[in-house]
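What follows draws every value from the coordinates through simple rules; no lab data is involved. For clarity, every value in this text was computed on a predicted model and none was experimentally measured. Positions of Cβ are backbone-derived with ideal geometry, glycine not excepted, and every protein chain shown enters the neighbour counts.
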Amino acid sequence: MAAVKVYESFPEAAKAPEKVRKLRVNVTSKRTTLPDFSAFTALEEVWVRGNMQHVAEFPKSLFACTGLTLLGMNGTAITEIPRGIGKLRRLAFLYLSDNRLTALPDDVTALGELRFLDCAINKIQALPDDVGRLGSLEKLLAYNNRLTRLPESLFQLPKLEWIELQGNALAEPPARLLEMPGLKHVLTSFPQVKRV
């Protein structure tokens, strides 16, 4: 089986967007919006990387890429994920760390195949109440946010093995995490709630 080409340049990939399966977009100019992704019908993985100053808006055109299994938007300065991400039903890996997000949209919980969610180093105040619908979730990185509580449904995630919550404003130790039998790695700001 031939290796899948990873396109490192949006202009190069745009020449035959229907053939592109993996794309990396490095944003280095003073661009505030990303190009239109809707023609990339075969796209499975996309990484958008910035330096906290160049991308201010999440590209809604990515929602047309329903075959995406990996979406990475670390360090891009986005402030919001618009409603519609739930259309990406095959998404297994979602990287949103080091941005300016204050919330995750409720329809993120429609991502039934999601195994890895990295929303660390943002300004998120609460996880969606029905985060427990993410039945395939194995790893959750939500450290260095502004979480004050954890939704009850989080404790019902059957496959969760790894969670990092340190650097939040949790009012009390989330001791219920230690009752989750599959959870192997727990990091919080409370020394009494730790499993490594």
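See the values below:
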item	result
Å³ per residue enclosed by the Cα convex hull of the chain	116
In sequence order, calculated HN-Hα J values of region 92-106 (Karplus, 6.51, -1.76, 1.60; Hz; x Gly/Pro)	10, 10, 10, 10, 10, 6, 6, 10, 10, 5, 9, 7, 9, x, 4
Whole-percent pair-distance distribution, where bins are 10 Å wide, for the alpha carbons of region 108-196	18, 58, 23, 0
Among 80-92, 37-49, the order from most to least packed when residues are scored by Cβ within 10 Å on average	37-49, 80-92
Interchain or long-range residues, amide H under 5 Å from VAL25's placed H	TRP47, VAL48, ARG49
Highest-first arrangement of 68-75, 129-136, where packing means the average Cβ count within 10 Å	68-75, 129-136
Cross-link pairs LYS60/LYS123; LYS5/LYS123; LYS15/LYS159 - those with Cα-Cα distance over 30 Å	LYS5/LYS123; LYS15/LYS159
Interchain or long-range residues, amide H under 5 Å from ILE124's placed H	ARG146
